[in-house]
Amino acid sequence: MSPKEILIRAGKDPRVPIDAYETFRSNLIGNNNGNLMFATASHKLLSTDDQRVTAHGLSFHPNQAAGVNERYDHLVLPLANAFRKSFQPQLEKLTEFIEKLDIPVTMLSGGAQSGSDGTFANLKSIEGSVKRFCRAVLERSPQLSVRGQRTADYLGSLGIREVEVVGCPSLSMFGREHKVPDPDLTTLSKVAYNVETSKDVGGDLIEQAERNYDAFYFAQDMSTFELMLHGKDKLGVNRDERLPLRSSHRAFNEDRARFALDAWTWVHALEDYDFVFGPRIHGSVAAVLAKTPALLIAHDSRTAELAEVHAIPYLTPENLVGIDRVDELATHASFAKFNIRHPENFDRLISFVHRQGLKTIYDDDQTAARAQYEQRIDETAFPPLVDTAWSGGGEGLRARLAHARDVELELATLRSELRGLKSELRRVRKGLSMAVGEK
């Protein structure tokens, strides 16, 4: 029997190494490498011995539906905060695509972005788009899954009640028995932090971490990726200078900044750290998967909601008032509740997937498939985390200079070809003009 063909929304196949330049050029991370986490986990989750998972990319067009109907048996859509104003055009295009499908469709862990007041009044203008999308999926699925109760309540307010709260599939990546210890910091501890580049959060804690610990910045956004890869400043004007937003920050100049191109290398890198903090939810998730305790600074509803479902320790920016030391922050990072709740959340996700008519790699009869998948990951040479272009020199700088030269030569070739095409076009036009004159 041929395997069930599953098409999944993902920027790339998580088993395939792709270098930093192609990742940046094609934006395979969807503007935030946190997207790697749930796409990678979902791909692994569904890769059984009789299910073949193909990464489609992040964008869908209605014209692709006929080909998808012909080649695939199921569409799976791992989503994050898809119900937000800025995503409306993509959501509507995705809805048009789904409406042309004849195959089952599974929405995996969708989320809604509330306003600063904690309500969803900010989404009033996109309610029609949200309802149409949900109806399109529910015509091809028995149920929707969402990241938290807040999103479930929001969809309920729109009359959509076929909803299951499953959290984020990212946390399933290493199975049901995954556990995380509580932090135990000393003056020799290695600390990682992340930042929200649109908000000034945690500057005093970052400053204290850099002064007192072996501290590294793990960036997640495209602007910082571009800064580290090409030295181009885009952020940080009139902002808290303690945050690593510009090339002058010590994290970049002292080779203490990293950017992950794959979920696997991200998690593996964080295994060497003792504590992680910051406002990026998948920065915390990456730490949790590495069995490294983390404290999320939950600056909005979507991050708080996910932390609540999984019992990932978090504080709001308001809760941080008076906390200016990392060791004090770490006292709020107990993982006792996470360790109790994780098996329940894991089982809920697996049950949801089964109700969608799909198997998981964690099913009892998939031990060999799981071992084979994990062996392939272990044997694959993924590119290392990106460091800062101008720090340290050596091989990293040489490679970047070589890449710049390759791009320069490629552009020179394209310019030469363009000149040839223009010359040919002039010749054709002259020929046409003469032909018309002869008539």
- Out of curiosity, is Lys179 within 30 Å of Tyr373 (Cβ to Cβ), in contact with a strand residue (DSSP E or B) (Cβ under 6 Å, 6 or more places away or on another chain) and of a type in the set (Lys, Arg)? no
- Task: Just name the residue that is surrounded by the fewest Cβ atoms within 10 Å (Cβ to Cβ) out of those in the range 338-350 that are within 15 Å of Val288 (Cα to Cα) and under 25 Å from the mean Cα position of the chain (by Cα).
- Result: Pro343
- Task: Considering every residue within the range 374-381, establish whether at least one is buried (at least 19 other Cβ atoms within 10 Å of the Cβ), touching a residue at least 24 places away in the same chain (Cβ under 8 Å) and more than 27 Å from Tyr213 (Cβ to Cβ).
- Result: no
- Search the range 35-53 for residues that are closer than 12 Å to Arg15 by Cβ and pair each with any residue that is modelled with pLDDT of 95 or more and in a helix (DSSP H, G or I) when their beta-carbon atoms are under 7 Å apart and the residues are at least 6 apart or on different chains. Thr40/Ala263; Lys44/Tyr373; Ser47/Ala369; Ser47/Tyr373; Val53/His43; Val53/Leu46
- Given Asp255, Asp221, which one is under 22 Å from Phe382 (Cβ atoms) and at pLDDT below 95? Asp255
- Please verify whether the range 382-390 includes one or more residues that are modelled with pLDDT of 95 or more, closer than 30 Å to Arg140 by Cα and surrounded by 14 or more Cβ atoms within 10 Å (Cβ to Cβ). no
- Task: Filter the range 203-240 down to the residues that are touching a residue at least 24 places away in the same chain (Cβ under 8 Å) and charged (D, E, K, R), then identify the one that is farthest from Leu270 (Cα to Cα).
- Result: Arg239
- Message: Let me spell it out: the conditions are (1) in a helix (DSSP H, G or I); (2) under 29 Å from Thr187 (Cβ atoms), and His354 meets all of them except one. Which number is the exception?
- Response: (2)
- Item | Matching option when the condition is in contact (Cβ under 8 Å) with a residue 12 or more places away in the chain, of a type in the set (Asp, Glu) and closer than 27 Å to Asn27 by Cβ, among Asp200, Asp272 | Asp200
- Item | Inter-residue pairs, beta-carbon under 6 Å, first touching a residue at least 24 places away in the same chain (Cβ under 8 Å) and in the range 327-354, second small (Gly, Ala, Ser), 6+ apart | Lys337/Ala311; Phe338/Ala311; Arg341/Ala311; Asn345/Gly167; Phe346/Ser172; Leu349/Ser172; Phe352/Ser145
- Filter result for the condition that a residue is surrounded by 15 or more Cβ atoms within 10 Å (Cβ to Cβ), assigned to a helix (DSSP H, G or I), modelled with pLDDT under 95 and of a type in the set (Lys, Arg), over Arg426, Arg400: Arg400
- Message: Which count do you get for residues in the range 270-303 that are touching a strand residue (DSSP E or B) at 6+ places or on another chain (Cβ under 7 Å) and not hydroxyl-bearing (Ser, Thr, Tyr)?
- Response: 18
- Of the residues Arg280, Arg246, which is buried (at least 17 other Cβ atoms within 10 Å of the Cβ) and basic (Lys, Arg)? Arg280
- Item | Members of the range 325-344 that are in contact with a strand residue (DSSP E or B) (Cβ under 7 Å, 6 or more places away or on another chain) and among the aliphatic types (A, V, I, L, M) | Val326, Leu329, Ala330, Ala333
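The values are calculated or read from the model by the stated rules, or taken from the named source; none is laboratory data. None of the values given here were measured: they were computed from a predicted structure. Using ideal geometry, Cβ is built from the backbone for each residue, glycine included, and neighbour counts are taken over all protein chains shown.
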